[in-house]
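Quick note: the coordinates plus some simple rules give every number you see, no bench work behind them. Because the structure is a prediction, the values reported are computed rather than measured. We place every Cβ from the backbone using ideal geometry, glycine too, and count neighbours over all the protein chains shown.
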Amino acid sequence: MKNKYFGTPKLKFLYSLLLFQVVLYTLFRIGFLIYFKDNITPGTTHLVLQNLWLGFRFDVRLAMTLLLPAMILINLPLNPAFKVRLMNILYTIFFGLISFLYVTDVGYFAYLKSRLNATVIQFLKNPIISFEMVRESYPWPALLALIVVMTAVFSFIIVKFITPKLMGSPLNGNNKTRFLGGFIFLVLFGWGLYGSVQMYPLRWSEAFSTPDTFTSNLSLNPILYVADTYTFRNAEYEKDKALASYDVVAKFLGVDQPDSKNLNFVRSFPGDTAKSSQQPNIVVIVMESMAWYKTGVGGSEVNPTPYLDQLANESILFSNFYTPTVATARSIFAAVTSLPDTSRVKTGSRNPFIVNQHAIMGEFKGYEKYYFLGGSANWGNIRGVFSYNIPDLHIFEEGSYKAPRVDVWGISDLNLFKESAATLNSEYTEKKKPFFAFIQSAGFHRPYTIPEDSDGFVIKTPKDISEAQIKEYGFESFEEYNAMRLQDYSLGKFFEMAKKEDWYDNTIFIVFGDHGLPHNNAKNVPDWQKSLANGFHVPMIIHSPKRFAPAVETKIASEMDVMPTVAGLAGIPYKTRGLGRDLFNPRFDEYRAAFSYNWYAPFNISLVDKDFYFEYIPSRETGKLVKWSENPSDENVKDKYPEKYKEMETLTKGLYESARYLLHHNPRM
């Protein structure tokens, strides 16, 4: 094998350079572990080993990345001796910089308990002060000497053992074996860069697959982490604006001990032993793109959601429930953290600096916790939001199921719900412990796949209903219409299975849409919602027949209210800094409102309460006020109700500025 496929000078050189890097980065990582061994939490040896392997995969990616200049240079029509000299100089510089960055990483972690990241750039803004801090805090002459020695040693290895392979003679082999050798190398190179055999590539969020801080940091590669965090190096909040609006927001949230100086948003709730003694199971189901107007309960007359409609008749239906924005990753972030993901660059789940978030779901002590997703949890880096903040979470994703993947979103919703129900039943039967399950559907996306084996689901065609009819209620095509129907059918299948199990009677189910969709002039969307609010308006159902009689609840509710409400229903004591409030706590019934924002152009922020809808576009400094409770039109009545306009403007801007601040100041408690 060696003679046939690895014997050309170019391949020998590239493999040697790759091997040298992998060994070097592995030694750096082991050295980091040994130097900071006192940070290892007792009982986490398995996590250390697991994250060392994950770190190795990151190291291979860095090694492959640094092969790219060599791969280009060795194929240029240059004198071989000149190529060798150029390679010697180039990689001596590379490994000198790498030595500097790894040594800096050790100092950075010792100082801040975080791996080297792009915020280090901020120290360059005050180079004199930064140098003085380094000079007074670290033995910088010794560290500088260490970097010089390391660079010299690495240069010697390159010059003596690696680049000379470019000058060697090729071993015997024909064109076929050389082609296969090159092909094998390119496959390995592609795998090394991608870092995974799954649909999604290796991402930084996999490092945060455990709540243990040190082992998460252990797996990161500091050089790649600088690149991963570069986009997020500037925090997207203005503390002075959060301070200015603190009193208004603190009053709205009911902060226990207001403290504007320290921007304290913490509220503590004692729980209810009468409820918690029952240890109710919790199942939160998030339905993809389930807009209010697209459902039967929302006025659609083309019967797209018969199972959801029937469930609503057996449950408490919240008819004025709003998500903070329109985007699945942002919605899931809000549901888990009770904070709107107001990030302007990328979604909060993709920001390594705000992965540490307090999540009420993590406070359900003694509960088995599950997250079910048909695709990969690397989607949107959502893995970090769940696994880093919710201890002992069991993640079920693509590859965890018996059902095959059907499209880009993983297994079908039907199979997701069936396997989720079966898993919860088997786990409950075996462990006899209460559980908290978070199930996220994804199939109601293009390409609107409907598997051939769909348990008797019948696709509707123009023979059953006219295209004009479905378009009247906002559906673009029969593909979209049937995909919505299949998602609804899948939800029905889940409840059909759940109702047969012992745990059903002692379970609280919460079902809601992650966001809406453009209305396409649907006839059941009121004019005041046709600008943006229709994208935020979704149904929310709380189902637990042994606890709640069927009802329609018209109070204003937000997706950020879900987790506080769940904890309240289960009687769990909890703390929160989020913007959500328990929907059944009468303390907050005096004034309820739902905050939303549109993150794409034109960026705006909005607030809806029981009578009014307020919307403001910061770039234009313009706003409007609609009294939707009296008139479904989009008439701007700001001049008619100036005090109300000012009141809602103040609270809306305050919630927005507080959210921006809290995204960076909501660590696990």
Completion exercise
Normalised Cα Rg of segment 346-496, dividing by 2.2 N^0.38 Å with N its residue count, works out at 1.20
Problem - segment 208-221 - phi-based ³J(HN,Hα) in whole Hz, Karplus 6.51/-1.76/1.60, Gly and Pro as x - result: 9, 7, 9, x, 6, 5, 5, 5, 5, 5, 4, 7, 6, 9
Problem - Largest-first principal axis extents, alpha carbons of segment 447-536, Å - result: 45, 33, 21
Problem - Lysine-lysine proximity count for segment 2-232, Cα under 16 Å, sequence distance 8 or more or distinct chains - result: 14
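Just to be sure I follow: if Rg is taken over the C-alpha atoms of segment 2-232 and Rh is the Kirkwood radius over the same atoms, what is Rg/Rh?
Numbers: Rg = 19.6 Å, Rh = 19.5 Å.
Result: Rg/Rh = 1.01.
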Practice task
Putting +1 on Lys and Arg Cβ atoms and -1 on Asp and Glu Cβ atoms, find which of PRO222, PRO618, GLY182 reaches farthest to the positive end of the dipole of the chain.
Solution key: GLY182
Handout entry: Which of ILE316, ILE72, ILE390, ILE382 has the fewest Cβ neighbours within 10 Å, and the rest in rising order
Key = ILE72, ILE316, ILE390, ILE382
Problem - Pairwise centroid distance, computed over Cα atoms, of segment 526-591 with segment 384-406, Å - result: 26
Practice task
Per residue of segment 177-183, in order, report the coupling 6.51 cos²θ - 1.76 cosθ + 1.60 (Karplus, θ = phi - 60°) as ³J(HN,Hα) in whole Hz, putting x for Gly and Pro.
Solution key: 5, 5, 5, 5, x, x, 5
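Expressed in whole Å with the largest first, what are the equivalent ellipsoid semi-axes of the chain derived from the C-alpha gyration tensor as the square root of 5 times each eigenvalue?
Working: eigenvalues 486, 193, 124 Å².
With the √(5λ) rule applied to the chain, the semi-axes are 49, 31, 25 Å.
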Fill in the blank from the handout: Amide H neighbours of ASN264 at under 5 Å, excluding residues fewer than 5 places away on the same chain, with H built from the backbone geometry, are ASP259
Practice task
Amide H neighbours of MET290 under 5 Å, at least 5 residues apart or on other chains, H built in the peptide plane: list them.
Solution key: ASP514, HIS515
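Do the alpha carbons of any pairs in LYS402/LYS499; LYS369/LYS546; LYS471/LYS653; LYS471/LYS638; LYS433/LYS575 sit beyond 29 Å of each other, and which pairs? Write out the running numbers ahead of the final one.
Details: LYS402/LYS499 23 Å; LYS369/LYS546 23 Å; LYS471/LYS653 37 Å; LYS471/LYS638 34 Å; LYS433/LYS575 23 Å.
Table pairs above 29 Å Cα-Cα are LYS471/LYS653; LYS471/LYS638.
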Fill in the blank from the handout: Note, segment 274-284: 3J(HN,Hα) by Karplus (6.51, -1.76, 1.60, θ = phi - 60°), whole Hz, Gly/Pro = x, goes 5, 7, 5, 5, 7, 6, x, 6, 10, 10, 9
Practice task
Round to the nearest 10 and give me the degree value, 0 to 90, for the angle of helix 413-431's Cα axis relative to the longest principal axis of the chain.
Solution key: 90
Practice task
For the chain, find the longest principal axis of its Cα atoms and tell me its angle to the long axis of helix 328-337, 0 to 90°, nearest 10.
Solution key: 80
Completion exercise
Between the Cα axis of helix 478-498 and the main Cα principal axis of the chain, the angle (0 to 90°, nearest 10) is 80
Fill in the blank from the handout: Inter-part gap, Cα centre of segment 12-36 to Cα centre of segment 269-319, in whole angstrom, is 52
Exercise for the section: With an 8 Å cut-off on Cα pairs and a minimum separation of 6 or more residues, tell me the relative contact order of the chain in percent. Expected result: 19
Fill in the blank from the handout: Sorted by chain and then number, the residues having a modelled amide H within less than 5 Å of the amide H of ILE282, at least 5 places away or on another chain, are PHE435, PHE436, ALA437, ILE508
Handout entry: Antiparallel DSSP beta bridges within the chain, as percent of all bridges there, nearest 5
Key = 50
